[in-house]
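The values are calculated or read from the model by the stated rules, or taken from the named source; none is laboratory data. Note that the structure is a prediction, hence the values are computed from the model and not measured. Every residue, glycine among them, receives a Cβ derived from its backbone with ideal geometry; neighbour counts consider all protein chains shown. Calculation scope for accessible area: heavy atoms of the full protein, side chains included, ligands and nucleic acids excluded. Shrake-Rupley method; radii C 1.70, N 1.55, O 1.52, S 1.80 Å.
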Amino acid sequence: MVSEALTPLANAAPEVTERLLRQDRRPVQWIIAPELVPYPVALETMRARAAAIAAGEADEAVWLVEHPPLYTAGTSAQSADLLTPSRFPVYQAGRGGQYTYHGPGQRVAYVMLDLRQRGRDIRALVQNLEGWMIDTLAAFNVRGELRDGRIGVWVRRPDKGPEREDKIGAIGVRVSKWVSFHGISLNIAPDLDHYDGIVPCGIADQGVTSFEDLGQLVSMAEVDSTLKTAFVRRFGPVSA
């Protein structure tokens, strides 16, 4: 299980970790869901694919989805951080972290990689997933940063105050039999009011933002294309 303790201390994007690249250069299957995916379906699909990868019966995969509005609870979630339990469905995610929101306009990338082929380094995996988000943001002139003690990717908001920062990217990963699942989420243009029902990731003194909130009007397809390019740089080739 991956938790906040594995968050790197540096503010900038971590360097590419060469040992995360497969020696055989076998491509990762790149899958984009064409419509909203119910969360229970996503959980079952991820678990089945991860088990098949561990058994040598399936290729690695990155699965890009959007969900209907919902909240998920990680293994560190505190009940007091669920402010309006009846607003949206709440699911136990089985990943590290606390409460988070998923919904339309947010790109979720479920990352199912065989770490037996990638150096068996969970810390490097987490660092490069965060770097993947930062690289993607940078392509749209958004500066994403990491913060000690606050997992995820953050954007400075001097327009809101000298010390204000908003979260734009979240990460929550689980590893079983050296195969990862769950992954990352980036806020493209979700309804940010939906976060009002939780204390996102247990952090009450900072906010959340999105590409749209920052004035970057980009399509999901544009972000997906950039995510793919940035993923290849850090993790190797992909296939349809």
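Given the stretch 116-194, what strands (runs of 3 or more DSSP E) lie entirely inside it while holding 1 or more residues that are at pLDDT 95 or above and at positive phi?
Passing ranges, in order: 179-187.
Residues in the stretch 170-227 that are touching a strand residue (DSSP E or B) at 6+ places or on another chain (Cβ under 6 Å) and open to solvent by 60 Å² or more (accessible area, probe 1.4 Å): how many?
Going through the stretch 170-227 one residue at a time, the tally reaches 1.
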